[in-house]
Amino acid sequence: MTERIAPGVTAVEGLTGSQGSLALASALFAGFALEGLLQMGAGDFEKHSSYVMFGYVLVTILAITLNMFVCGVCTLLEQQGRIAAALAHTKQDARAYEKQLRGWYEQPAFAAVRSKIFWVYALGVPCCALSIALYCLIKLPGLAGKLSCALILAFGAVLWRTYMYINDLFRVGVLGLDSRKGTRRNSMFEVEAPKIVLSPQTQRRRLY
């Protein structure tokens with residue numbers, strides 16, 4: 001008889017492992033924003049309006065710091081989740097270890113931090129779009145700069161609305177949340193992994 005890893009352990013591994021994608025994307029966004037900022041010289045500040053330059057520096061710094069925050073936190077979450085799941089292979093009682101993991105993962109303060117990560121990441125989207133738009137306005141001449149700025153701003157707005165639409169579908173269809181109030185319909189763990197909870201019959205089959 002070989003005991004399989006409990007489904008809750010697999011859920012924690014998948015939930016925290018998914019943060020790796022956000023960490024990678026955020027690192028790229030932060031790098032692009034920093035590279036654009038470093039391309040600015042004294043001539044740019046002398047040539048363009050102080051309002052334009054101040055706005056560019058402000059939104060670019062916001063884009064960098066927001067994405068660095070997401071990258072750092074998500075990297076740590078992924079590491080801890082993978083370690084926690086790996087330790088399950090050393091436990092004699094996977095079910096008891098699953099209960100221990102749920103106690104860690106379901107802490108309200110911890111759940112609140114994880115929930116806010118998406119919103120920090122999403123806020124970085126308009127900051128990055130505005131940063132790129134102002135960069136084009138500053139670096140490209142005349143009409144080309146203005147047109148590029150307008151198009152990128154429009155793209156940023158579309159991307160933001162698409163993010164919100166996709167996230168709302170996910171919150172309602174998968175996490176079981178009320179789209180308007182954000183009220184949970186299940187426990188914290190089950191909300192975040194409703195498809196992984198197996199029936200008793202299926203669980204018994206997988207344990208042998």
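Every number here is computed from the coordinates shown, using simple stated rules; none is lab data. Nothing here was measured: the structure is a model prediction, and the numbers come from that model.
Okay, here's what the table says:
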read-out	value
The range 68-135 - Rg and Dmax from Cα coordinates, angstrom	17.0, 58
Kirkwood hydrodynamic radius over Cα pairs of the range 46-160, then Stokes diffusion coefficient at 25 °C and 0.890 mPa s, in µm²/s	143
